[in-house]
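Peer 1: Okay, handing you the structure first.
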Amino acid sequence: MENTYEIMTGNEACTHAAIAAGMRFFAGYPITPATEIAELSSEWLPKVGGKYMQMEDELASMAAIIGASSAGAKAMTATSGPGYSLMQENLGYAAMAEVPIVVAYAMRQGPCQGVATLPAQGDIMQVRWGVHGDHPIIAVAPASVGEVYTETIRAFNLAETYRVPVVIMTDAMLAHMSERIRIPDSSEYECVDRKRPTCPPEEFKPFADDGTGIPPMASFGDGYRWYCSGLIHDETGFPVSDNPQLTSDSIKRLVGKVENNLKDIESYEEYKTEDAEYLIVSIGLLSRSVKDAVDQARQEGIKVGVFRPITVWPFPEQRLAELSQNKRKLFVCEMNEGQLYHVVRESAGVTPVVQITQNNGKMIAAETILKALKEEI
Amino acid sequence: MSEKQHVFDTFLRQDKLPHIWCPGCGNGIVINALIRAIEKTEIDPDNVVIVSGIGCSSRANGYMNFCALHTNHGRALPYATGVKMFNPKLKVIVVTGDGDCTSIGGNHFIHACRRNIDITTVVFNNNNYGMTGGQFSPTTPLGSKTKTSVYGSIDTPFDICSLAAAAGATYVARSTVYHVNMLINQIAEGINHQGFSVVEAVCDCPTLYGRLNKKGAAPDMLLGFKENAVMKAKADTMTEEELKGKIVIGNFAKRVDRKEYTAQYDSIIESAKGGH
Amino acid sequence: MGKFEFNEKLCKACGICAVLCPKQVYDRDEEGKPIFARPEDCIDCKLCELRCPDFAIRMGENE
């Protein structure tokens, strides 16, 4: 097998990988720092027979990819904070109607318009709970351009497998920085396609659980006629408004698609944790600063390691709980006022949790992290 | 010998009837016209996708036996756009209301008109928000009483057909639920038209708009549509004063000068694949 | 003359069929539902079937 290396930005890697994963429809609206994904999609998609659409806004972009996915497309949009806020309404429909879609999300400094060109991690909670009501969602946070590539492929596969929206969380810096990456050969990864119905069309019930919790999905035009409402619906997709049992069962099945498959979905990295007395939890590009700080601390004899959730949602609680048990202290390093911190505290048991935050549009430097660490031990 | 099935048996989901709408609601008449138009065009029912948003009219696709998405308020058009764009062989129809289409979905509406993508949009215009109990919509006539304009509406209404035509829709027509045969023909023409088509069906809402404005029961409201309807060609010769309270019916646009959107994109694919 | 098939379960008694019939072939019962009272006057225009908001009327062809 030949090794192909290329220098790419995070946004380039994301687009390249999406097409490699089978993306054939992209709809979006320009927004810094995610715009290049739209630009590249508009150029590259028609070359493979795919379609690009620039919609009138982000509501329409999310709606269009859900429509395309219902017609059988692997579809993606790309955005940042203000655009992601606008997408929530239709993202809820994707979760409710179980239409697989992927969102490439380059976080920028918020709130509101914030600073469009600077990185932040202020949307960790919005990614999980931006949509009203209980719903399933998966979010992955790569830490390098190379990982943007592999996690984008995995994002499409997770969306297709579980019929759940998947968000690829990067930030303004990872989106725009260039790294030399190895482009995996197509023989090295699997491209998952959604499970299709096999029953005769007249017997098809689009939301009937086949025992896996994930119903097979037909595409419009393939002979199966199906209807789906964004209201609580029965297995035929039709609204049911006064059935407490069905309402509860529907929501439990939706949420269960992620909760019951944590082993397959969750991923994380552990760095120098074996003998660690202290543990720093961090996600995304920032985790590389954290690793630097850990390396420096180790030279000074401080036994510290890193736990890096790659799936931020579902958050790998159980593994963190195990790791927390013999630690003196946990640290959460993040570029916000404290979001991951709350999730970490839920897993930490009796181990104290200390925040290391900086929320000014700048990556937190290793020196800053090291200093904060040393002050607390 | 197989007899031709009645259109109600072929295209309605009989098990979902009776529908949720009030007695005399014009929405059922529009569905009645829509399924006959689909029958008339002889398109493959497996290729029909009906997309709706939220509101009374948006429940319509639930009663018809085609593929359908019942989506979010105002968003039917961008969902439909994604469906059509990815698979242009599908016949995509949007069923929407005056509020869904021209208020919360107004921006999507004008952009769909502008793009000229081959989608047929049937607007059920009953001049108010029915699902939420009768508030004024962007098509409520000036001075009309609704639950949120108890002193009379001061918001100038949109003329949906003029709006659509100005925004670039290439087939635009209006009829009423009194003029059912015209409505069937317009929807069928819209479906056959290669481009973005809009058919406005003026509908009665006897329970809310009708009652609040003393328009009588459903049959009275339909007779009102009959009395106040003016054909487009005639209306073009009338003054604004003479047109007060009238409903202009007929064709507002029928253009063949603009290329359909998915066909244009096919050319893009061709040139992108061809290299430079 | 049309062959009147009526699905009473679907009818909501709005009166559109009866009031708007160009030949006034219908009477209405105490609930307001249609009675096909004067079939000999029916010209089979099918407007009642087309305008019924509840799909309750089918005007079949007579032999």
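Peer 1: If a residue must be out of contact with any Lys or Arg (no Cβ under 8 Å at 6 or more places or on another chain), surrounded by fewer than 22 Cβ atoms within 10 Å (Cβ to Cβ) and in a helix (DSSP H, G or I), how many such residues does region C:34-63 contain?
Peer 2: Summing the residues that are out of contact with any Lys or Arg (no Cβ under 8 Å at 6 or more places or on another chain), surrounded by fewer than 22 Cβ atoms within 10 Å (Cβ to Cβ) and in a helix (DSSP H, G or I) in region C:34-63 gives 3.
Peer 1: Additional query: Based on this model, can you work out whether A:Ala38 counts as crowded, with 24+ Cβ neighbours inside 10 Å and away from chain B (no Cβ under 14 Å)?
Peer 2: yes
Peer 1: Restricting region A:209-235 to residues that are hydroxyl-bearing (Ser, Thr, Tyr) and at the interface with chain B (Cβ under 9 Å from one of its Cβ atoms), which is farthest from B:Asn72 (Cα to Cα)? First the steps, then the outcome.
Peer 2: Residues of region A:209-235 that are hydroxyl-bearing (Ser, Thr, Tyr), as a first pass: A:212, A:219, A:224, A:227, A:229.
Narrowing further to those that are at the interface with chain B (Cβ under 9 Å from one of its Cβ atoms): A:219, A:224, A:227, A:229.
Values: A:Ser219: 20, A:Tyr224: 23, A:Tyr227: 14, A:Ser229: 9 Å.
The residue in question is A:Tyr224.
Peer 1: Within region B:234-253, does at least one residue satisfy the condition of being crowded, with 21+ Cβ neighbours inside 10 Å, assigned to a strand (DSSP E or B), in contact with a His (Cβ under 9 Å, 6 or more places away or on another chain) and modelled with pLDDT of 95 or more?
Peer 2: Yes, the conditions are met somewhere in region B:234-253.
Peer 1: Here is a further query. Which residue, of A:Leu279, A:Leu285, A:Leu231, is farther than 28 Å from A:Pro352 by Cβ and among the hydrophobic types (A, V, I, L, M, F, W, C)? Quick ask: steps written out before the conclusion?
Peer 2: Details: A:Leu279 fails: farther than 28 Å from A:Pro352 by Cβ; A:Leu285 fails: farther than 28 Å from A:Pro352 by Cβ.
Testing whether each residue is farther than 28 Å from A:Pro352 by Cβ and among the hydrophobic types (A, V, I, L, M, F, W, C) leaves just A:Leu231.
Peer 1: Name the single residue, out of those in region A:68-83 being touching a strand residue (DSSP E or B) at 6+ places or on another chain (Cβ under 7 Å) and part of a helix (DSSP H, G or I), that is surrounded by the fewest Cβ atoms within 10 Å (Cβ to Cβ).
Peer 2: My answer is A:Gly81.
Peer 1: Name the residues in region B:258-276 that are touching a residue at least 40 places away in the same chain (Cβ under 8 Å) and assigned to a loop (DSSP other than H, G, I, E, B), would you?
Peer 2: Across region B:258-276, the qualifying residues are B:Arg258, B:Lys259, B:Glu260.
Peer 1: Report yes if A:Leu86 is within 13 Å of chain B (Cβ to nearest Cβ) and surrounded by fewer than 24 Cβ atoms within 10 Å (Cβ to Cβ), otherwise no.
Peer 2: Values: within 13 Å of chain B (Cβ to nearest Cβ): yes; surrounded by fewer than 24 Cβ atoms within 10 Å (Cβ to Cβ): yes.
Against the criterion (within 13 Å of chain B (Cβ to nearest Cβ) and surrounded by fewer than 24 Cβ atoms within 10 Å (Cβ to Cβ)), A:Leu86 qualifies.
The rows are residues; the columns are (1) in a helix (DSSP H, G or I); (2) touching a residue at least 40 places away in the same chain (Cβ under 8 Å).
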site: A:Met8; (1), (2): no, yes
site: A:Ala13; (1), (2): yes, yes
site: A:Phe26; (1), (2): no, yes
site: A:Glu36; (1), (2): yes, yes
site: A:Glu39; (1), (2): yes, no
site: A:Glu43; (1), (2): yes, no
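Peer 1: Look at region B:220-260 and say how many of its residues are within 13 Å of another protein chain (Cβ to nearest Cβ) and in contact with a Phe, Trp or Tyr (Cβ under 8 Å, 6 or more places away or on another chain).
Peer 2: Restricting attention to region B:220-260, the residues satisfying the condition of being within 13 Å of another protein chain (Cβ to nearest Cβ) are B:220-227.
With the extra rule that they be in contact with a Phe, Trp or Tyr (Cβ under 8 Å, 6 or more places away or on another chain), the set shrinks to B:222-223, B:225-226.
Here the count works out to 4.
Peer 1: Counting only residues that are open to solvent by less than 10 Å² (accessible area, probe 1.4 Å) and either in contact with a strand residue (DSSP E or B) (Cβ under 9 Å, 6 or more places away or on another chain) or more than 9 Å from chain C (Cβ to nearest Cβ) (or both), how many does region B:20-31 have?
Peer 2: 5
Peer 1: Within region B:140-231, considering only strands (runs of 3 or more DSSP E) that don't extend past its boundaries, which have at least 1 residues that are more than 13 Å from the chain's Cα centre (by Cα)?
Peer 2: Filter on region B:140-231 gives B:229-231.
Peer 1: Next up: I'd like to verify a number: residues in region B:1-15 that are charged (D, E, K, R) and facing another protein chain (nearest Cβ under 7 Å), how many?
Peer 2: Within region B:1-15, the subset charged (D, E, K, R) is B:3-4, B:9, B:13, B:15.
Subsequent filtering for residues that are facing another protein chain (nearest Cβ under 7 Å) retains none.
Selection size over region B:1-15: 0.
Peer 1: Pick from region A:197-256 the residues that are under 22 Å from A:Thr161 (Cα atoms) and of a type in the set (S, T, N, Q): which of them is surrounded by the fewest Cβ atoms within 10 Å (Cβ to Cβ)?
Peer 2: A:Thr198
The rows are residues; the columns are (1) farther than 11 Å from A:Val281 by Cβ; (2) assigned by TED's automatic domain parsing to the domain that holds A:Leu158; (3) more than 25 Å from the chain's Cα centre (by Cα); (4) touching a residue at least 12 places away in the same chain (Cβ under 8 Å).
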site	(1), (2), (3), (4)
A:Ile302	yes, no, yes, yes
A:Ile310	yes, no, no, yes
A:Ala321	yes, no, no, yes
A:Phe331	no, no, no, yes
A:Tyr341	no, no, no, yes
A:Val344	no, no, no, yes
A:Asn359	yes, no, no, yes
A:Lys371	yes, no, yes, no
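Peer 1: Still on this structure, please answer the following. Restricting attention to region B:10-19, does a residue exist that is in contact with a Ser or Thr (Cβ under 7 Å, 6 or more places away or on another chain) and of a type in the set (A, V, I, L, M)?
Peer 2: Within region B:10-19, the subset in contact with a Ser or Thr (Cβ under 7 Å, 6 or more places away or on another chain) is none.
For region B:10-19, residues in contact with a Ser or Thr (Cβ under 7 Å, 6 or more places away or on another chain) and of a type in the set (A, V, I, L, M): absent.
Peer 1: Select from region B:107-137 the residues that are open to solvent by 20 Å² or more (accessible area, probe 1.4 Å), outside any strand (DSSP E or B) and touching a Gly at 6+ places or on another chain (Cβ under 6 Å) and list them in ascending order.
Peer 2: Passing the criteria: B:Arg114, B:Met131.
Peer 1: Test each condition in (1) crowded, with 17+ Cβ neighbours inside 10 Å; (2) within 11 Å of chain B (Cβ to nearest Cβ); (3) at pLDDT 95 or above for C:Glu31 and report the one that comes out false.
Peer 2: (1)
Peer 1: I need the full set of residues from region B:37-72 which are within 13 Å of chain C (Cβ to nearest Cβ) and open to solvent by less than 30 Å² (accessible area, probe 1.4 Å), in order please.
Peer 2: Those that are within 13 Å of chain C (Cβ to nearest Cβ) and open to solvent by less than 30 Å² (accessible area, probe 1.4 Å): B:Ala37, B:Ser57, B:Ala60, B:Tyr63, B:Met64.
Residues are listed down the side, and each one gets a yes or a no for (1) of a type in the set (A, V, I, L, M); (2) touching a Phe, Trp or Tyr at 6+ places or on another chain (Cβ under 7 Å):
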site	(1), (2)
B:Tyr151	no, no
B:Ile154	yes, no
B:Asp159	no, no
B:Val172	yes, yes
B:Thr176	no, yes
B:Leu183	yes, no
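The values are calculated or read from the model by the stated rules, or taken from the named source; none is laboratory data. All values reported here derive from a predicted model rather than from experimental measurement. Positions of Cβ are backbone-derived with ideal geometry, glycine not excepted, and every protein chain shown enters the neighbour counts. Note: areas computed on protein heavy atoms with side chains; ligands, DNA, RNA excluded. Shrake-Rupley method; radii C 1.70, N 1.55, O 1.52, S 1.80 Å.
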